[in-house]
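Worksheet: the structure to be examined is printed underneath.
The values are calculated or read from the model by the stated rules, or taken from the named source; none is laboratory data. Every value quoted in this text rests on a predicted model; they were computed, and no experiment measured them. Note that each Cβ is placed from the backbone with ideal geometry, even for glycine, and that neighbours are counted across all protein chains shown. Calculation scope for accessible area: heavy atoms of the full protein, side chains included, ligands and nucleic acids excluded. Shrake-Rupley method; radii C 1.70, N 1.55, O 1.52, S 1.80 Å.
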Amino acid sequence: MGWAIALHGGAGPIPNSLPKERREPREAALRYCLAIGVEALKANLPALDVVELVVRELENNPFFNAGKGSVLTANGTVEMEASIMDGKTKSCGAVSGLSTVVNAVSLARLVMEKTPHVYLGFDGAEAFAREQGVETVDASHFVTPENNERLNLAKEADRVQVDYTPAVQKEILVETLTADGDSQIGTVGCVAVDNSGNLATATSTGGLVNKMVGRIGDTPVIGAGTYANSLCAVSATGVGEAIIKATVARDVAALMEYKGLSLEEAAKYVIHESVPKGNAGLVAVSAKGEVAMEFNTFGMFRACATEDGYSEIAIWPSSSVQE
């Protein structure tokens, strides 16, 4: 028993050739956000507060596909989504279609705590944000030059893109998209168990590059991209459609609950047996303080720490650095 935390900055075909100037800021952000979460857990903050705090920091970092770094729709707009869940009560909140809210995860928590609903989207969610007085900015705040370039490349290749998925129709775009590292990584998320054994999870994303306006992925879908109960907390990342079809987050909990699998066994089974290769990753913690970080993609930006002093930051399968 003891506290534990894990977070991710997205999973996908992240190239080993990712330039140092693109890799190091993301690693630094993971290290910074992990430290914030660890200090919060040491200060006895509830797990729910910890995951919201960490995901807010990840949303504020332009190197990840959430908040400030959100990728663009086919119309060149931002449609952000997020969710949060308390494992003890199974209370949860979710939002999608946000274009002006600075921290989508905090609005998701307000949906959970201030409404009788679980999920608000688009105009209704934006109106609720204004009613609650959360921080909003002009939609142009989220449209970065890097993501405009990424959208233009995706349009030229005539495809929707997730993470570092290369534009296979044009070899020159393959080299551009995978070599410079300007494309954003799928999703951000955090899971935690506190000193009292309470579990929580939160996930946030900007979605897919060049996605149809109105498209909703797995992030705000409770049981797909996000789930927590009394056994575990899970946050998934990758291709939303594949994650939804496999009900990734809930299946990890179900395997633990109904089959008696350990957290590691359940996470491995779901990622490697239930989801097609190259489509998903997840981070999870158990009520016992165990951590799992599984992915079937080429890489996943991830970090974790436990009360017994273990800490890890990694991208590729063999790239873990124990802190």
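So the values come out like this:
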| read-out | value |
| --- | --- |
| Selection count, the range 57-68, where residues are in a helix (DSSP H, G or I) and in contact with a Phe, Trp or Tyr (Cβ under 9 Å, 6 or more places away or on another chain) | 4 |
| Single condition residue 253 does not satisfy, out of (1) modelled with pLDDT under 95; (2) buried (at least 18 other Cβ atoms within 10 Å of the Cβ) | (1) |
| Selection from the range 80-113 of residues that are more than 17 Å from residue 126 (Cα to Cα) and either in a strand (DSSP E or B) or open to solvent by less than 20 Å² (accessible area, probe 1.4 Å) (or both) | 84, 85, 86, 87, 92 |
| Matching residues in the range 23-44 - criterion: being at pLDDT 95 or above and open to solvent by less than 40 Å² (accessible area, probe 1.4 Å) | 29, 30, 33, 34, 36, 37, 38, 40, 41 |
| Residue, surrounded by the fewest Cβ atoms within 10 Å (Cβ to Cβ), within the range 123-150, restricted to residues that are touching a residue at least 40 places away in the same chain (Cβ under 8 Å) and within 21 Å of residue 219 (Cα to Cα) | 139 |
| Test: residue 211 is touching a strand residue (DSSP E or B) at 6+ places or on another chain (Cβ under 7 Å) and at pLDDT below 95 | yes |
| Subset of the range 220-229 (residues that are in a loop (DSSP other than H, G, I, E, B) and polar (S, T, N, Q)) | 229 |
| Options 71, 50, 54; residue that is open to solvent by less than 30 Å² (accessible area, probe 1.4 Å), part of a loop (DSSP other than H, G, I, E, B), touching a Gly at 6+ places or on another chain (Cβ under 7 Å) and β-branched (Val, Ile, Thr) | 71 |
